[in-house]
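Note sheet for the following structure.
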Amino acid sequence: MPHAAASSIRALIHRQGPIPFDEFMELALYGPDGFFTRGRGAGRAGRDFLTSPQVGPLFGVLVGRALDREWEALGQPDPFFVIEVGAGDGRLAREVERAAPRCATALRYLLIERSSTLRAEQRERLTLVDASQCLGPYRRGAAADEDDPLETVAGSGPRFAQLDALPARKVEGVVLANELFDNLSFGIAERGPHGWLEVRIGLGDGAGERQGATQSATDAPFVEVAVPIDDVECFGVDVPVGARVPMPRALDGWFTEIAAALHHTRGRIIAVDYVAPFAEVVARSPHWLRTYADHERGHDPLTAVGERDITADVPVEHVVRAAARAGFMAASIDTQADWLRALGLDELVAEGDRLWSERAHVGDLAALAARSRRNEAAALTDLEGLGGFRVLRLVRAEP
């Protein structure tokens, strides 16, 4: 029986014809009954892939240190906002809270997640307050008069709240985006012998038969339909005929929305993702596009639609350009391995080794957690895996 997400996409294509791949991807992941809408995604048993927060608490400890650095660079504002976009099940936020960073007393942490299923899991992991208690003033002045303006209580953090979209007011602080860019919808372009082609998604002709019945629009296979498009930005790279490249068109809109939420001079973005130079993405064609389900990797996004994650390597040039259009500049671009080491990863591992040596005979939870640091660090810094991700630190560009 076709998945509900696939059926709704087929119905759309039947009505209006082949659709761009980014529209197909948006519906497959975030539409009614889409992959993330139903709460699928990152995690271990019963989930589909691992991200750094699922490896263990060490990543959250080091993210907390990164937030402290930004807080101090901004002059230790109170309140200090952290907006985690694509916060999933809340695991990263929980580990940041447990790490007790120096900015904790000023911290207002907003978890932005579109999936109601994942927002419910956040409520199981965190003590949440109403978003109004994070975003706005929430205590009357000393006179307690109804005409007195409400005021923020300094030093009352950390406070955690959830939203399904970005806040409607500007805040001072940091936007966190861990493995988000690769799930922002993208188009696909292919270099043809006579110019560029865009890959759209249509339906098969229905000529096949299934159990003696002619296929209809409700179960026809998804097929690629190539249509000519204008030249594609190649950033000086010679793209061979037959190669495909992503067109991450949703990046511009995302950065525009972030610019509207962050203070015009006191805002930062920390993004961790499958980001690579455009030339590397071209060299990996077509395998820069991947799917994940039940911790297995695939490459065909047109099968098991709504039941698999769809993701891609994102050209760093696209990210930097989209950020610049919204008023941000790249202050640094590092591998995750280098970024974590600069935050003190090796020292934390050495501390864990020492604690394990001292408490191995006890074998309590503290000893076991200390012992796990070395394995966590190895996974987080593996350059063939999570350690090879890029960490982009973006700041407001000078006017």
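The values are calculated or read from the model by the stated rules, or taken from the named source; none is laboratory data. The structure presented is a predicted model; accordingly, all values stated were derived computationally and were not measured. Please note: Cβ atoms are built from the backbone with ideal geometry, for glycine as well, and neighbour counts cover all protein chains shown. The accessibility values were calculated without ligands, DNA or RNA, using every heavy atom of the protein model including side chains. Shrake-Rupley method; radii C 1.70, N 1.55, O 1.52, S 1.80 Å.
Before moving on, here are some points about what is shown:
- Under 5 Å, built H, 5+ apart or other chain: amide partners of Y109: V82, R159, F160, A161
- With the whole protein complex present, T152 retains an accessible surface near 60 Å², based on a 1.4 Å probe.
- For the chain, the per residue solvent-accessible surface stands at 45 Å², with DNA, RNA and ligands left out and a 1.4 Å probe.
- Ranking by accessible area, most exposed first, for M329, M25 with a 1.4 Å probe: M329, M25
- Only protein atoms count toward the accessible area here, which uses a 1.4 Å probe; on region 16-141, the carbon and sulfur part of that area reaches 48 percent.
- Here the accessible area is traced with a 1.4 Å probe on the protein chains. For region 265-373, carbon and sulfur cover 52 percent of it.
- Couplings 3J(HN,Hα) of region 68-73, computed from phi: 4, 4, 5, 4, 5, 5 Hz, in residue order, whole Hz [Karplus 6.51 cos²θ - 1.76 cosθ + 1.60, θ = phi - 60°; x for Gly and Pro].
- Exposure of S357 as accessible area (Å², to 10), given a probe of 1.4 Å and all protein chains: 90 Å²
- Degrees, to the nearest 10: 4-16 long Cα axis against longest axis of the chain: 50 degrees
- Ranked from largest, the principal axis spans of the Cα set of the chain equal 73, 63, 47 Å.
- Value at 222 nm in deg cm²/dmol, rounded to 500, when DSSP H runs of n ≥ 4 in the chain each add -39,500 (n - 2.57): -10000 deg cm²/dmol
- Surface calculation, 1.4 Å probe, protein heavy atoms: I269 sits at approximately 0 Å² accessible.
- Computed about the Cα centre, the dipole magnitude for region 301-399 is approximately 280 debye when only Lys and Arg (+1) and Asp and Glu (-1) carry charge, each at its Cβ.
- Candidate residues C103, C234: accessible-area rank, largest first, probe 1.4 Å: C234, C103
- Long-range amide H partners of R249 with built H, under 5 Å: G187
- Segments 383-389, 56-62 sorted - mean Cβ within 10 Å per residue, highest first: 56-62, 383-389
- Remark: accessible surface ordering of D230, D89, D353 (largest first) is D230, D353, D89, probe radius 1.4 Å.
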